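The values are calculated or read from the model by the stated rules, or taken from the named source; none is laboratory data. Here the structure is a predicted model, which is why all the values come from computation and not from measurement. Note that each Cβ is placed from the backbone with ideal geometry, even for glycine, and that neighbours are counted across all protein chains shown.
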Amino acid sequence: MTMFENELKKGNFVISDCSSCKTIVWPPSDYCNNCLAHVTWRKIDPVGKLIEFSKKEEMIFGIVELEGKIRLIGTLKINSSDISEGQCVKLHSCSYDNGPQFTFVPCNGSY
Ligand SMILES: [Zn+2]
């Protein structure tokens with residue numbers, strides 16, 4: 001298990017920053033994939049943008065971009081009549097169960 005997966009299991013989404021490259025290391029790793037320095041871990045900014053979505057029966061799935069770089073596929077808890085590409089969404093919950101699981105809600109919603 002990586003640090004990333006361990007924290008996801010606890011419901012925390014952490015990402016790694018390389019302090020020498022001043023960049024986010026993604027996919028998450030204990031070492032920078034550019035300069036191999038150790039990374040520092042921090043919580044992600046949960047507010048992002050919905051890139052695209054699709055509906056499958058009652059479920060809505062989408063791709064969300066966080067911190068202008070990280071793209072995640074997750075479940076959207078948004079009324080299907082209110083959803084639009086490019087809208088502001090935030091990370092509501094995350095977990096790890098045979099792979100990362102993410103749930104997003106509208107930034108200004110009542111959910
Ligand atoms: Zn680096």
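See the values below:
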item: Every residue from the range 57-73 that is assigned to a strand (DSSP E or B) and either touching a helix residue (DSSP H, G or I) at 6+ places or on another chain (Cβ under 9 Å) or not charged (D, E, K, R) (or both); result: M59, I60, F61, G62, I63, V64, L66, I70, L72, I73
item: Candidates P100, P106 - the one that is surrounded by 15 or more Cβ atoms within 10 Å (Cβ to Cβ), more than 16 Å from the ligand (Cβ to nearest atom) and touching a residue at least 60 places away in the same chain (Cβ under 8 Å); result: P100
item: Residues located in the range 34-48, provided they are outside any strand (DSSP E or B) and surrounded by 15 or more Cβ atoms within 10 Å (Cβ to Cβ); result: I44, P46
item: E85 vs. criteria at pLDDT 95 or above and farther than 22 Å from V14 by Cβ; result: yes
item: Filter result for the condition that a residue is within 14 Å of the ligand (Cβ to nearest atom) and assigned to a strand (DSSP E or B), over S54, S16; result: S16
item: Odd one out for L8, checked against (1) surrounded by 12 or more Cβ atoms within 10 Å (Cβ to Cβ); (2) modelled with pLDDT of 95 or more; result: (2)
